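First comes the structure, then the notes that go with it.
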Amino acid sequence: MKSKKQLGIWMDHSTAILFESNVNSTENKIIVAQVGEQDEALNTRDETLIQNKEQNELSGFFNRLSEVIINYDEVLLFGPTNAKPELVNILKSDHHFDEIKIEVKPADKMTENQQHAFVNEHFNTTG
């Protein structure tokens, strides 16, 4: 029986830190969302334009995460903001993710070691 590929993602709207379960590597992949970084040339007060730009940047961030998640059997999303359910809603609308078990848990700020332990403990308990 092939072992399941498990991934934990600590995330908010600006950063995602990816942890493979039971991998003791200290090198974790980090995906950064460039949301809200304003171009100096775009010196405008048009709130609609700014919101559209931020929404497009957030969508790109979620797409980059989706490209990683598709390669796993089980995924744990955890962190302090509502970015987790926003991503889950996007993934649920795409049938490519139907076979992937995705769970969401709230979590406050943690050190990287605490995040890694949180992921391993979750998968050792549920797996």
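The values are calculated or read from the model by the stated rules, or taken from the named source; none is laboratory data. Keep in mind that this is a model prediction, so the values were computed, not measured. So basically every Cβ, Gly included, is an ideal-geometry build from the backbone, and we count neighbours across all protein chains shown.
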(request) Please go through the stretch 55-88 and pick out each residue that is part of a loop (DSSP other than H, G, I, E, B), under 14 Å from ALA16 (Cα atoms) and not β-branched (Val, Ile, Thr). (result) PRO80, ASN82
(request) Hey, can you tell me all the residues within the stretch 93-102 that are touching a strand residue (DSSP E or B) at 6+ places or on another chain (Cβ under 8 Å) and either crowded, with 16+ Cβ neighbours inside 10 Å or in a helix (DSSP H, G or I) (or both)? (result) ILE100, ILE102
(request) Could you list all residues from the stretch 103-115 that are more than 14 Å from the chain's Cα centre (by Cα) and either in a loop (DSSP other than H, G, I, E, B) or crowded, with 18+ Cβ neighbours inside 10 Å (or both)? (result) ASP108, LYS109, MET110, THR111
(message) Checking the structure you have, find out if any residue of the stretch 98-107 is touching a Lys or Arg at 6+ places or on another chain (Cβ under 7 Å) and not β-branched (Val, Ile, Thr).
(response) no
(message) Give all pairs with beta carbons closer than 6 Å in which a residue from the stretch 46-60 that is surrounded by 13 or more Cβ atoms within 10 Å (Cβ to Cβ) meets a residue that is in a helix (DSSP H, G or I); count only pairs at least 6 apart in sequence or on separate chains.
(response) none
(request) Would you point out the residue of the stretch 1-53, among those that are over 19 Å from the mean Cα position of the chain (by Cα) and among the aliphatic types (A, V, I, L, M), that is modelled with the highest pLDDT? (result) LEU49
(request) List every residue pair whose Cβ atoms sit under 7 Å apart, with the two residues 6 or more apart in sequence or on different chains, where the first one lies in the stretch 80-96 and is under 20 Å from VAL32 (Cβ atoms) and in contact (Cβ under 8 Å) with a residue 60 or more places away in the chain and the second, anywhere, is basic (Lys, Arg) and loosely packed, with under 12 Cβ neighbours inside 10 Å. (result) PRO80/LYS109
